[in-house]
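The values are calculated or read from the model by the stated rules, or taken from the named source; none is laboratory data. Everything numeric in this text was worked out from a predicted model, so none of it was measured. Accessible surface is based on the protein model in full, side chains and every heavy atom, while ligands, DNA and RNA are left aside. Shrake-Rupley method; radii C 1.70, N 1.55, O 1.52, S 1.80 Å.
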Amino acid sequence: MTASISILGMIVLIVLGAMSSIVSAPAQLYLIDLAKQSSPKAKDLAASLNPVASNLGIAGGSAIGGVVVQHGGLTSLPVAAAILAISACVIACICYKLDQSQTAIIV
(Lines give C-alpha, C1' and ligand atoms only; values in the text may rest on other atoms or scores of the structure.)
Protein backbone atom coordinates (compact mmCIF):
# COMPACT_ATOMS: atom_id res chain seq x y z
CA MET A 1 0.00 0.00 0.00
CA THR A 2 2.80 2.42 0.87
CA ALA A 3 4.53 1.88 -2.49
CA SER A 4 1.45 3.01 -4.43
CA ILE A 5 1.20 6.30 -2.51
CA SER A 6 4.39 8.22 -3.25
CA ILE A 7 3.97 10.93 -0.57
CA LEU A 8 3.36 8.35 2.14
CA GLY A 9 6.36 6.38 0.90
CA MET A 10 8.57 9.46 1.10
CA ILE A 11 7.38 10.17 4.64
CA VAL A 12 8.22 6.60 5.67
CA LEU A 13 11.71 6.92 4.13
CA ILE A 14 12.32 10.23 5.91
CA VAL A 15 11.25 8.74 9.26
CA LEU A 16 13.46 5.67 8.72
CA GLY A 17 16.44 7.87 7.82
CA ALA A 18 15.88 10.07 10.87
CA MET A 19 15.62 7.05 13.17
CA SER A 20 18.84 5.64 11.73
CA SER A 21 20.64 8.90 12.43
CA ILE A 22 19.18 9.20 15.93
CA VAL A 23 20.45 5.75 16.94
CA SER A 24 23.97 6.21 15.59
CA ALA A 25 25.30 8.86 18.00
CA PRO A 26 24.23 7.17 21.28
CA ALA A 27 25.62 3.85 20.05
CA GLN A 28 28.97 5.44 19.30
CA LEU A 29 29.08 7.18 22.69
CA TYR A 30 28.25 3.86 24.37
CA LEU A 31 31.16 2.15 22.61
CA ILE A 32 33.52 4.96 23.61
CA ASP A 33 32.36 4.75 27.25
CA LEU A 34 32.97 0.99 27.24
CA ALA A 35 36.46 1.57 25.87
CA LYS A 36 37.18 4.12 28.61
CA GLN A 37 36.22 1.56 31.25
CA SER A 38 38.10 -1.43 29.91
CA SER A 39 40.98 0.03 27.88
CA PRO A 40 41.33 3.84 27.86
CA LYS A 41 43.96 3.77 25.11
CA ALA A 42 41.48 2.11 22.71
CA LYS A 43 39.03 5.04 22.45
CA ASP A 44 40.00 5.75 18.83
CA LEU A 45 39.47 2.12 17.89
CA ALA A 46 36.10 2.12 19.62
CA ALA A 47 35.06 5.27 17.75
CA SER A 48 35.83 3.59 14.44
CA LEU A 49 33.84 0.44 15.22
CA ASN A 50 30.39 2.01 14.86
CA PRO A 51 30.67 2.97 11.15
CA VAL A 52 32.38 -0.33 10.39
CA ALA A 53 29.58 -2.26 12.09
CA SER A 54 26.97 -0.18 10.27
CA ASN A 55 28.54 -0.92 6.90
CA LEU A 56 28.83 -4.62 7.71
CA GLY A 57 25.16 -4.61 8.74
CA ILE A 58 24.15 -2.98 5.47
CA ALA A 59 26.21 -5.45 3.45
CA GLY A 60 24.93 -8.43 5.43
CA GLY A 61 21.33 -7.27 5.20
CA SER A 62 21.65 -6.77 1.47
CA ALA A 63 23.13 -10.24 1.04
CA ILE A 64 20.41 -11.86 3.15
CA GLY A 65 17.74 -9.87 1.31
CA GLY A 66 19.13 -11.00 -2.04
CA VAL A 67 19.08 -14.65 -1.00
CA VAL A 68 15.53 -14.34 0.38
CA VAL A 69 14.24 -12.67 -2.80
CA GLN A 70 16.01 -15.20 -5.02
CA HIS A 71 14.60 -18.23 -3.19
CA GLY A 72 11.29 -16.97 -1.78
CA GLY A 73 10.34 -13.91 -3.81
CA LEU A 74 9.49 -10.42 -2.64
CA THR A 75 6.65 -11.65 -0.44
CA SER A 76 9.17 -13.43 1.79
CA LEU A 77 11.07 -10.22 2.65
CA PRO A 78 8.78 -9.05 5.50
CA VAL A 79 9.08 -12.42 7.25
CA ALA A 80 12.87 -12.39 6.94
CA ALA A 81 12.99 -8.77 8.14
CA ALA A 82 10.83 -9.65 11.16
CA ILE A 83 13.11 -12.57 12.03
CA LEU A 84 16.18 -10.32 11.80
CA ALA A 85 14.53 -7.59 13.87
CA ILE A 86 13.48 -10.04 16.60
CA SER A 87 16.99 -11.53 16.61
CA ALA A 88 18.50 -8.05 17.00
CA CYS A 89 16.16 -7.28 19.90
CA VAL A 90 17.09 -10.54 21.64
CA ILE A 91 20.80 -9.85 21.20
CA ALA A 92 20.35 -6.27 22.46
CA CYS A 93 18.50 -7.54 25.56
CA ILE A 94 21.24 -10.09 26.28
CA CYS A 95 23.93 -7.41 25.90
CA TYR A 96 22.00 -5.06 28.18
CA LYS A 97 21.69 -7.72 30.89
CA LEU A 98 25.38 -8.56 30.62
CA ASP A 99 26.27 -4.86 30.86
CA GLN A 100 24.04 -4.42 33.91
CA SER A 101 25.57 -7.43 35.66
CA GLN A 102 29.10 -6.15 34.99
CA THR A 103 28.16 -2.68 36.24
CA ALA A 104 26.78 -4.19 39.45
CA ILE A 105 30.02 -6.08 40.01
CA ILE A 106 32.16 -2.95 39.46
CA VAL A 107 30.06 -0.78 41.78
Fill in the blank from the handout: Only helices counted: for the chain, with every DSSP H run of 4 or more residues adding -39500 (n - 2.57) and the sum spread over all residues, [θ] at 222 nm is -31500 deg cm²/dmol
Fill in the blank from the handout: Carbon and sulfur atoms account, in whole percent of the 1.4 Å probe accessible area of the chain, for 75 percent
Handout entry: Candidates Ala27, Ala18, Ala42: whichever shows maximal mean-square fluctuation once the chain is modelled as a Gaussian network with Cα springs under 10 Å
Key = Ala18
Problem - Å² of accessible area per residue within the chain, as computed with a 1.4 Å probe and no ligands counted - result: 78 Å²
Completion exercise
Looks like the stretch 39-100, by Cα gyration tensor root eigenvalues a ≥ b ≥ c and the a/c under 1.5 rounded cutoff (else prolate when a/b is bigger than b/c, oblate otherwise), is oblate
Handout entry: (1) 15.1; (2) 13.6; (3) 16.7, with the label sought being that of the calculated Kirkwood radius over Cα pairs in Å
Key = (3)
